[in-house]
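Trainee: Got a structure for you, written out below as structure tokens; questions coming shortly.
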Amino acid sequence: MSTTLFDSSNPARAIAITGSGGSGAVTTGQIMLAAVARAGFYGLMTRSAGPQIRGGESAAMLRYAAQPVACMGDVFDILVGLDWKNIDRFIDEIPLSPDSFILTDPDTGPAPDSLHPAGAKILEIPFKKYTEPVEGGRINMAAIGATGAIAGLPLDALEAAVGDVLGRKGEAVVASSLACVRAAWTDTQAMLCVTPPTGTAPERWNISGNEASGLGAMRGGVRLVAAYPITPASEILEWLAPRLNKVGGVLLQAEDELASVNMIIGASFGGVPSLTATSGPGLSLMAEGLGLAVASETPVVVANVMRGGPSTGIPTRSEQSDLNLALYGFHGDAPHLVLAALDIRDCAFTTQWAVRLAEHLQTVAIVLTDQSLGQSRGVVDPPDSYNGDHRRIRAETPGDAYQRYAITADGVSPMAIPGTPDGMYTGDGLEHTPAGIPSSLHHDHTQQSEKRLRKLQYFDYGEHWAVQSGNGPVCLLTWGSASGAVFEAAERLTAAGSPTRVVALRLLAPLRVEALREALADAETLLVVEQNQGGQCFYYLKSHDVLPAHTRFFGRPGPLALRPGEIITALDEVK
Amino acid sequence: MSTATATDTAPALRAKDYKSEIKPVWCPGCGHFAVLSTVTKALAYLQLRREEVAMISGIGCSSRLPAYVDSYGFHGVHGRALAVASGLKAARPDLTVLVAGGDGDGFSIGGNHFLHACRRNMDMTYIAMDNEVYGMTKGQASPTTAPEWDRCKLTPHGTGVPRFRPAGIALAAGASFIARGFSGDPGGLTRLLVEAIQHRGFSFVHVLSPCLTFRPEHKEWKQRVHPCRLATTNNAAEAARLIQEDDGKATGLLYIEDQPVWQPENEDHADLSEIEAEFRV
């Protein structure tokens, strides 16, 4: 082992770390991601775990580059086995090639046969040798040092990252970890004789999708959150709980999702922008309450972090299969907003935008993210902030003639907030007159239904309804977390001489039909890409008659993430 | 009681000032008319500003009450009134929050919220109007209906299920104020409501409010209802015995105790940019 293993002029690497319970694979990934940040690069770390609460096998997947990283790539450059127990659980998720390297300590036994078909090269690294002289030394820290040296990460970045991630565990842990990292890095580096490149990226953030959703909620003005714990959404709540208190807000742990949705309706009725976070099973339970919010025109936001379904499904892993529920889950004609975040940093922007839209339009906004965004961590450019000044329109001086559900030109009726004299009314899920008095008359139902639809249909959503790139005759249309792989596929195709257009939908309902038609104009090949079995978005778009007849669907259920290479292959097949 | 009373400059509000102009949907003889009247009397006694009172309900005959009170109100979906009220109170601790509902709304479909509202002990008053029947859907058995009541097509041989005992369950779940009133005793009920609103914590007022349409035999309640024989206690064990031995028709304040009220404290000083700094590499 005396030659450079990778092209040192291009720092992009994809690294997977696996191990059994307690081996510290996820911590290893977090430290390496922090090192990537310290070295001046961008990165993305996803994780995969079994269903065990504690101590199950786990894997951390890391990809980094000098430019922002949108998704996991098609193959991994390095697979690190902290041990080889349970590796078979992850083989599907860690594709290797003959150019890949498998790092293994001969002391833990040979890399299993199941890894051999890929033809990857084995590098034997004596992890244990580096930990033995160190009191409290851990194998995964030696792996960080050795892997960092092979991948080309500088030692100072790795050292700083150990402090970033383990600092709260105390000086002794940091000191023993640093000793292992240094010993392994120095020894491995000496064999390789590579000078690590250094990135020059500007200010970046190290943030997870769930943290970004929480931040977007706070930026949008949310000051009350009520929710019931659920995987994989709980980190939104855990991040928000102490931080909401710091800005005068409240987090209420509800007894169930029926309570949480009704609690945020109560809080919003009281004038405070409110949000709940949940996943598919919880969203199912909330459907009735969300219909109440639509009918009573009480703004609320639901951050729904999708997981594998139906039923309990695969709580710890990702799928984009709640779109139908989000679009069609309410009884009656219940116009509302459905949005989807496109990547980790977009969780902040889309959630913030959703809060502002829900508040301004006095309706429900469901923000769809998923486990692959929520529980992944990225080193990214600081998330964009929504600059629009849309806020709830209040009736400040209602007076005797005040009508809570008054018919207005834009369909939005000023809302009197409890405490405001002369604005007293009863918010109602019963159909009502403009004054809020229950009514079963045809006239009132028609007029109020029309108003609830109109306020959403004719609002100017601006340019944020989608993110678009390219203008080639080949077009990929997608939404949510699939966007990362789609954008990368289009970049590769365009670079290879086949200009490829991408339209990634952020606002799914109400659908911007005319704008979408324009975005798709003259596309000769059109493929809708999403991660679910039934083509939920594909058929939704077809129902709006917005797709040309030659449009095709590419998708499959989770939890394996869509990869750029398979999207390119799928496109070849429909061309 | 957390709400400011009307100022001296404004004329005193009378009970009728708290009534809206909307005509109730209730049948003639319904106990809920008297409950509405006692609610407005209690609000007038306390001189609460109408705009600082919020009356929350779910679905059912009694849940129509908010529209008939001239305060802020919210008429939500079946069983979720306490959840709406809890969210409102957490967001707006300055408001006086009242919750109205029936036996089906509160003890059947909303039973879980009842338990957790009792133990959360937020400062609000829950007026549960119990007529032992689902009136709005035309006369089915509710959780408080006697097991042998067979005058309903849905349960032609009776439910065969013992009654839900609201006061005992409220006590076990941690309510800090438990009272029972009767719509046929408006004076006594008004006094209980005043105390309930003044009590800091979750005040549960179980109101016997007959439905003469589907339970005409409730006319007998006038004879059966009696004041509670024992003095009000703050001892949960004594209250449990009192409630357990009671025939379900004893009225009065059964239990009152100062217990910690769930109301979050906010620091309210950080700037969002301080929080964002944690993400910077």
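Trainee: Is it true that some residue in region A:185-200 is over 30 Å from A:Tyr130 (Cβ atoms) and either within 11 Å of another protein chain (Cβ to nearest Cβ) or hydroxyl-bearing (Ser, Thr, Tyr) (or both)?
Mentor: The answer is yes; a qualifying residue exists.
Trainee: I would also like to ask the following. Quick one: in region B:227-252, of everything that is exposed (fewer than 12 other Cβ atoms within 10 Å of the Cβ) and without any contact (Cβ under 8 Å) to a residue 24 or more places away in the chain, which residue is farthest from B:Val133 (Cα to Cα)?
Mentor: My answer is B:Asn235.
Trainee: Please count how many residues of region B:184-226 are among the hydroxyl-bearing types (Ser, Thr, Tyr) and under 16 Å from B:Val133 (Cα atoms).
Mentor: Result for region B:184-226: 2.
Trainee: Only one of A:Ser48, A:Ser23, A:Ser2, A:Ser8 is modelled with pLDDT under 95, in a strand (DSSP E or B) and outside the structural domain of A:Leu342 (by TED's automatic domain parsing); which?
Mentor: A:Ser48
Trainee: I would also like to ask the following. Do any residues in region B:32-53 that are surrounded by 21 or more Cβ atoms within 10 Å (Cβ to Cβ) have Cβ atoms under 8 Å from those of residues that are outside any helix (DSSP H, G or I) and charged (D, E, K, R), where the two are at least six apart or on different chains, and which pairs are they?
Mentor: The qualifying pairs are B:Leu36/B:Lys19; B:Thr40/B:Lys19; B:Glu51/A:Asp422; B:Glu52/B:Asp94.
Trainee: Okay, moving on. Here are A:Arg517, A:Arg501: which of them is of a type in the set (Lys, Arg) and part of a strand (DSSP E or B)? Quick ask: steps written out before the conclusion?
Mentor: Values: A:Arg517 fails: part of a strand (DSSP E or B).
Checking each option against the conditions leaves just A:Arg501.
Trainee: Can you say whether B:Met136 is surrounded by 24 or more Cβ atoms within 10 Å (Cβ to Cβ) and either touching a residue at least 60 places away in the same chain (Cβ under 8 Å) or over 15 Å from the mean Cα position of the chain (by Cα) (or both), as far as the supplied structure shows?
Mentor: Numbers: surrounded by 24 or more Cβ atoms within 10 Å (Cβ to Cβ): no; either touching a residue at least 60 places away in the same chain (Cβ under 8 Å) or over 15 Å from the mean Cα position of the chain (by Cα) (or both): yes.
Spelling it out, it is not the case that B:Met136 is surrounded by 24 or more Cβ atoms within 10 Å (Cβ to Cβ) and either touching a residue at least 60 places away in the same chain (Cβ under 8 Å) or over 15 Å from the mean Cα position of the chain (by Cα) (or both).
Trainee: Continuing with this model, one more query. Can you tell me which of (1) hydroxyl-bearing (Ser, Thr, Tyr); (2) surrounded by fewer than 20 Cβ atoms within 10 Å (Cβ to Cβ); (3) part of a strand (DSSP E or B) is the one A:Thr18 doesn't meet?
Mentor: (2)
Trainee: Assigned to a loop (DSSP other than H, G, I, E, B), over 20 Å from A:Leu5 (Cα atoms), at pLDDT 95 or above and out of contact with any His (no Cβ under 7 Å at 6 or more places or on another chain) - does that describe any residue in region A:186-206?
Mentor: Yes, because at least one residue in region A:186-206 is assigned to a loop (DSSP other than H, G, I, E, B), over 20 Å from A:Leu5 (Cα atoms), at pLDDT 95 or above and out of contact with any His (no Cβ under 7 Å at 6 or more places or on another chain).
Trainee: Which residues, counting only those in region A:385-404, are in contact with a helix residue (DSSP H, G or I) (Cβ under 8 Å, 6 or more places away or on another chain) and either exposed (fewer than 14 other Cβ atoms within 10 Å of the Cβ) or of a type in the set (Lys, Arg) (or both)?
Mentor: Hits for region A:385-404 are A:Arg391, A:Arg392.
For (1) under 19 Å from A:Val355 (Cα atoms); (2) without any contact (Cβ under 8 Å) to a residue 40 or more places away in the chain; (3) buried (at least 24 other Cβ atoms within 10 Å of the Cβ), each residue gets a yes or a no:
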residue: A:Gly220; (1), (2), (3): yes, no, yes
residue: A:Leu224; (1), (2), (3): yes, no, yes
residue: A:Glu238; (1), (2), (3): no, yes, no
residue: A:Arg243; (1), (2), (3): yes, yes, no
residue: A:Gly248; (1), (2), (3): yes, yes, no
residue: A:Met263; (1), (2), (3): yes, yes, yes
residue: A:Ala277; (1), (2), (3): yes, no, yes
residue: A:Gly291; (1), (2), (3): yes, no, no
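Trainee: Right, something else. Can you name the helices (runs of 4 or more DSSP H) wholly within region B:25-124 that have at least 2 residues being hydrophobic (A, V, I, L, M, F, W, C) and more than 13 Å from every other protein chain (Cβ to nearest Cβ)? Full working, then the answer.
Mentor: Values: elements: B:32-46, B:65-68, B:81-91, B:111-120.
Fully inside region B:25-124 and qualifying: B:32-46.
Trainee: Would you be able to say whether some residue in region A:435-452 is on the phi < 0 side of the Ramachandran plot and in contact with a helix residue (DSSP H, G or I) (Cβ under 6 Å, 6 or more places away or on another chain)?
Mentor: No, that holds for no residue.
Trainee: Sort through B:Arg180, B:Arg215, B:Arg163 and tell me the only one that's closer than 21 Å to B:Leu115 by Cα, touching a residue at least 12 places away in the same chain (Cβ under 8 Å), out of contact with any strand residue (DSSP E or B) (no Cβ under 8 Å at 6 or more places or on another chain) and basic (Lys, Arg). Show your work before the answer.
Mentor: Details: B:Arg180 fails: out of contact with any strand residue (DSSP E or B) (no Cβ under 8 Å at 6 or more places or on another chain); B:Arg215 fails: closer than 21 Å to B:Leu115 by Cα.
Exactly one of B:Arg180, B:Arg215, B:Arg163 is closer than 21 Å to B:Leu115 by Cα, touching a residue at least 12 places away in the same chain (Cβ under 8 Å), out of contact with any strand residue (DSSP E or B) (no Cβ under 8 Å at 6 or more places or on another chain) and basic (Lys, Arg), namely B:Arg163.
Trainee: Next question, about the same structure. With respect to A:Leu357, is the statement that it is surrounded by fewer than 21 Cβ atoms within 10 Å (Cβ to Cβ) and part of a helix (DSSP H, G or I) true?
Mentor: no
Trainee: Follow-up. Could you grab me the full set of residues in region A:448-481 that are within 20 Å of A:Trp353 (Cα to Cα), touching a strand residue (DSSP E or B) at 6+ places or on another chain (Cβ under 9 Å) and small (Gly, Ala, Ser)?
Mentor: Listed by number, the residues that qualify are A:Ala466, A:Gly480, A:Ser481.
Trainee: OK, next. May I ask you to list pairs of residues, at least six apart or on different chains, whose Cβ atoms are under 8 Å apart, with the first in region B:110-128 being within 19 Å of B:Arg64 (Cα to Cα) and modelled with pLDDT of 95 or more and the second being assigned to a helix (DSSP H, G or I) and basic (Lys, Arg)?
Mentor: What qualifies is B:Met124/B:Lys89.
Trainee: Only one of (1) more than 28 Å from A:Thr351 (Cβ to Cβ); (2) modelled with pLDDT of 95 or more; (3) not β-branched (Val, Ile, Thr) fails for A:Gln468. Which number is that?
Mentor: Just one mismatch for A:Gln468, condition (1).
Trainee: Is it the case that A:Thr104 is under 22 Å from A:Arg182 (Cα atoms), away from chain B (no Cβ under 14 Å) and among the hydroxyl-bearing types (Ser, Thr, Tyr)?
Mentor: So A:Thr104 passes the test.
Trainee: Hey, another quick one. Just checking, how many residues over region A:160-183 are farther than 15 Å from A:Ile31 by Cα and touching a helix residue (DSSP H, G or I) at 6+ places or on another chain (Cβ under 6 Å)?
Mentor: 1
Trainee: Here's a follow-up. Of the numbered conditions (1) farther than 29 Å from A:His360 by Cα; (2) assigned to a loop (DSSP other than H, G, I, E, B), A:Ala489 satisfies every one except a single condition; which is it?
Mentor: Just one mismatch for A:Ala489, condition (2).
Trainee: Contact list please: Cβ distance under 7 Å, first residue in region A:111-138 and in contact (Cβ under 8 Å) with a residue 60 or more places away in the chain, second residue among the acidic types (Asp, Glu), pairs at least six apart or on different chains.
Mentor: Sorted first by the residue in region A:111-138, then by its partner, the pairs are A:Ile125/A:Asp105.
Trainee: Sticking with this structure for a sec: I need the full set of residues from region A:96-113 which are in a loop (DSSP other than H, G, I, E, B), surrounded by 18 or more Cβ atoms within 10 Å (Cβ to Cβ) and out of contact with any Ser or Thr (no Cβ under 6 Å at 6 or more places or on another chain), in order please.
Mentor: Hits for region A:96-113 are A:Leu96, A:Ser100, A:Asp105.
Trainee: If we keep just the residues of region A:289-307 that are aliphatic (A, V, I, L, M), within 11 Å of another protein chain (Cβ to nearest Cβ) and over 25 Å from the mean Cα position of the chain (by Cα), which is nearest to A:Ser439 (Cα to Cα)?
Mentor: Among those residues, the one meeting the criterion is A:Ala295.
Residues are listed down the side, and each one gets a yes or a no for (1) away from chain A (no Cβ under 14 Å); (2) under 16 Å from B:Pro166 (Cβ atoms); (3) among the small types (Gly, Ala, Ser):
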residue	(1), (2), (3)
B:Ala240	yes, yes, yes
B:Asp246	yes, yes, no
B:Ala250	yes, yes, yes
B:Tyr255	yes, yes, no
B:Asp258	yes, no, no
B:Glu265	no, no, no
B:His269	no, no, no
B:Ala277	no, no, yes
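The values are calculated or read from the model by the stated rules, or taken from the named source; none is laboratory data. This one's a predicted model, so the numbers in the text were calculated from it and none came from an experiment. We place every Cβ from the backbone using ideal geometry, glycine too, and count neighbours over all the protein chains shown.
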